[in-house]
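The values are calculated or read from the model by the stated rules, or taken from the named source; none is laboratory data. Because the structure is predicted, anything quoted here is derived from the model rather than measured. We work out accessible area using only protein heavy atoms, side chains counted, and drop any ligands, DNA or RNA first. Shrake-Rupley method; radii C 1.70, N 1.55, O 1.52, S 1.80 Å.
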Amino acid sequence: MLASWYNPGMTRKLRFSDQLRREVERSEMSRYRIGKRTGIASSILSRFVNQGVGVSMANIDKLFDCLDLEITVRKPAKRKGKPRIVLFHLPLA
């Protein structure tokens, strides 16, 4: 499943942290379960998801591992500038 890099009906692109926050919310695991699997305190997860408070790079790594996420860089077709970063789910094996 592709996490939206932008909302097709809107022109505002989602920031990386917003994409990760959305994936935590969309997960079939509860935040409690994610916290237990990653070792991230539930208070930190709650502040990240509800209040938009940032998390450390170490915690981002843990969330990516727990949620089976990866970053894929796609070059936009016929567009000059920097390549676009898109957040994907890894296929479950």
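If each residue of separation counts as 0.36 nm, what is the full-extension length gain between R22 and S46 once their alpha-carbon separation is subtracted? Don't skip to the end; give the middle numbers.
On the way: separation 24, 0.36 × 24 = 8.64 nm, distance 1.27 nm.
Going from the current span to full extension adds 7.4 nm.
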| message | So, taking all protein chains as they sit and a 1.4 Å probe, how much accessible area belongs to K13, in Å² rounded to tens? | response | 80 Å²
| remark: One checks the Cα atoms of region 13-78 and finds Rg and Dmax, in Å, of 12.6, 44
| Roughly speaking, what is the stretch gain from R15 to V53, that is 0.36 nm per residue apart minus the C-alpha to C-alpha distance, in nm to one decimal? | 12.3 nm
